[in-house]
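Engineer: I'd like to ask you about the structure that follows.
The values are calculated or read from the model by the stated rules, or taken from the named source; none is laboratory data. What you see is a predicted model; the values in this text were computed from it and never measured. Cβ atoms come from the backbone with ideal geometry, glycine included; neighbour counts cover every protein chain shown. Heads up: the accessible areas ignore ligands, DNA and RNA and are worked out on the full protein's heavy atoms, side chains in. Shrake-Rupley method; radii C 1.70, N 1.55, O 1.52, S 1.80 Å.
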Amino acid sequence: MAAVSESLKGRHFTKVATWSSDELRTALDLADELKELQRRREEHRLLPGRTLGMIFQKPSTRTRVSFEVGIAQLGGTGLYLAASDLQLGRGETLRDTATVLSRYLDALMIRTFAQDDVEELARHASIPVINGLTDSAHPCQALADVMTIRERLGRLEGARVAYLGDGNNVCASLMVACAKLDLPFVAATPPGYEPADEVVRIAREAGGQVDVVGDPREAAAGADVLYTDVWTSMGQEDERERRLRDLTGYGIDEGLVRLAGENAIVLHCLPAHYGEEITEGVLYGPQSAVWDQAENRLHSQKALMALVIE
């Protein structure tokens with residue numbers, strides 16, 4: 001395989017906005033190459049002997065398994081660190097935690113609630129910090145999303161992405177990734193669920209064609225990609241009934257898919273709630289790319305680790 005670029009060694013990946021379009025494309029190209037090597041069962045031990053620490057304050061299926069398997073396939077070791085088992089749970093500061101873990105590990109991934117916690121770790125760590133998810137950003141998911149779009153459509157530039165539902169962390173990171181990679185992006189949300197103004201501003205300043213509308217049918221018409229996410233995320237359980245009422249009509253069903261482009265694909269970052277944000281028929285239908293998307297978390301994160309870990 002081609003030599004891995006040295007230009008990103010030591011870099012953090014706390015949010016999409018901190019990487020240039022060329023840097024994102026470098027990660028996507030390497031992800032494609034690593035996926036093909038894995039398909040052929042060819043070893044690609046780019047990180048022999050390296051150790052990735054993985055701090056979790058939220059439960060996880062895809063993030064934990066994809067990172068743990070990914071670092072192993074690259075020749076390294078993944079160490080699961082439940083936040084409650086660390087001294088963080090007893091009041092040790094993020095600064096002290098970052099300083100100590102930097103002496104033990106080669107990189108740190110964290111899945112937590114507050115984006116500020118990720119940024120604080122990154123400020124004080126001397127090793128790369130990767131954001132596995134926060135309440136306001138999900139950059140690793142966005143990287144897998146655009147990898148899947150390019151893989152399935154054969155292009156990125158000009159592919160129109162329609163996101164429907166809650167303008168949450170997934171929406172925010174995908175919007176900025178699309179802006180940097182020349183994909184027009186439209187979010188259809190009910191009042192009060194729009195993506196943050198700051199995120200829209202960042203995406204537009206990056207050159208993105210970004211629209212926020214209220215009508216899901218308007219967003220879906222002619223789209224190349226239909227995307228949705230759960231309506232009630234972790235930590236929002238007490239809002240569930242209100243969210244179900246407010247977001248009714250913003251799910252992806254067979255009728256909405258028919259409004260999209262003829263070769264449109266459907267994406268969902270999972271887990272899915274059938275009959276809410278998506279129907280079971282669409283999730284398992286011929287235009288669904290959801291399972292490729294889930295698999296691509298593995299390959300895109302392997303590329304990310306190979307690029308940033310010394």
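Engineer: Suppose we keep only residues that are surrounded by fewer than 22 Cβ atoms within 10 Å (Cβ to Cβ) and in contact (Cβ under 8 Å) with a residue 40 or more places away in the chain within segment 262-276. Which one would you say is farthest from the chain's Cα centre (by Cα)? Walk me through it before giving the result.
Structural biologist: Residues of segment 262-276 surrounded by fewer than 22 Cβ atoms within 10 Å (Cβ to Cβ): 262-263, 270-276.
Keeping just the survivors that are in contact (Cβ under 8 Å) with a residue 40 or more places away in the chain gives 263, 270-273, 276.
On the way: 263: 23, 270: 11, 271: 13, 272: 16, 273: 19, 276: 21 Å.
Among those that are surrounded by fewer than 22 Cβ atoms within 10 Å (Cβ to Cβ) and in contact (Cβ under 8 Å) with a residue 40 or more places away in the chain, it is 263.
Engineer: Does residue 38 fit the bill of being touching a residue at least 40 places away in the same chain (Cβ under 8 Å) and open to solvent by 60 Å² or more (accessible area, probe 1.4 Å)? Walk me through how you get there before you give the answer.
Structural biologist: On the way: touching a residue at least 40 places away in the same chain (Cβ under 8 Å): yes; open to solvent by 60 Å² or more (accessible area, probe 1.4 Å): no.
When the stated conditions are applied, residue 38 does not pass them.
Engineer: Is there a residue in segment 91-98 that is modelled with pLDDT of 95 or more and in contact with a strand residue (DSSP E or B) (Cβ under 9 Å, 6 or more places away or on another chain)?
Structural biologist: yes
Engineer: Right, next: I'm trying to understand the selection: among the residues of segment 43-55, which are in a strand (DSSP E or B) and either within 16 Å of the chain's Cα centre (by Cα) or of a type in the set (A, V, I, L, M) (or both)? Full working, then the answer.
Structural biologist: At the first step, the residues of segment 43-55 found to be in a strand (DSSP E or B) are 51-55.
Within segment 43-55, 52, 54, 55 meet the criteria.
Engineer: Separate question: Restricting the search to segment 11-27, which residues are part of a helix (DSSP H, G or I) and open to solvent by 10 Å² or more (accessible area, probe 1.4 Å)? Give the steps one after another, and end with the answer.
Structural biologist: First, pick out the residues of segment 11-27 that are part of a helix (DSSP H, G or I): 16-18, 21-27.
Once the filter is applied, which keeps residues that are part of a helix (DSSP H, G or I) and open to solvent by 10 Å² or more (accessible area, probe 1.4 Å), segment 11-27 yields 17, 18, 21, 22, 23, 25, 26.
Engineer: Is there a residue being of a type in the set (S, T, N, Q) and under 19 Å from residue 209 (Cα atoms) anywhere in segment 136-147?
Structural biologist: Initially, segment 136-147 is screened for residues of a type in the set (S, T, N, Q), giving 136, 141.
Then drop every residue that is not under 19 Å from residue 209 (Cα atoms), which leaves none.
For segment 136-147, residues of a type in the set (S, T, N, Q) and under 19 Å from residue 209 (Cα atoms): absent.
Yes/no per residue for (1) assigned to a loop (DSSP other than H, G, I, E, B); (2) open to solvent by 10 Å² or more (accessible area, probe 1.4 Å); (3) modelled with pLDDT under 95:
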{"position": "155", "(1), (2), (3)": "yes, yes, no"}
{"position": "170", "(1), (2), (3)": "no, no, no"}
{"position": "174", "(1), (2), (3)": "no, no, no"}
{"position": "190", "(1), (2), (3)": "yes, no, no"}
{"position": "198", "(1), (2), (3)": "no, yes, no"}
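Engineer: Looking at this structure, is residue 121 touching a helix residue (DSSP H, G or I) at 6+ places or on another chain (Cβ under 9 Å) and touching a residue at least 24 places away in the same chain (Cβ under 8 Å)? Quick ask: steps written out before the conclusion?
Structural biologist: Details: touching a helix residue (DSSP H, G or I) at 6+ places or on another chain (Cβ under 9 Å): yes; touching a residue at least 24 places away in the same chain (Cβ under 8 Å): yes.
So residue 121 passes the test.
Engineer: For residues that are polar (S, T, N, Q) and closer than 24 Å to residue 120 by Cβ, scanning just segment 47-90, find the one that is modelled with the lowest pLDDT. Step through it out loud before you land on a result.
Structural biologist: First, pick out the residues of segment 47-90 that are polar (S, T, N, Q): 51, 57, 60-61, 63, 66, 73, 77, 84, 87.
Among the residues that remain, those that are also closer than 24 Å to residue 120 by Cβ are: 51, 57, 60, 63, 84, 87.
On the way: 51: 98, 57: 94, 60: 94, 63: 98, 84: 90, 87: 94.
Selected residue: 84.
Engineer: Could you grab the pairs with beta carbons closer than 6 Å, sequence gap of 6+ or different chains, first residue in segment 62-85 and closer than 22 Å to residue 117 by Cα, second one among the small types (Gly, Ala, Ser) and open to solvent by less than 10 Å² (accessible area, probe 1.4 Å)?
Structural biologist: The qualifying pairs are 63/132; 79/53; 81/53.
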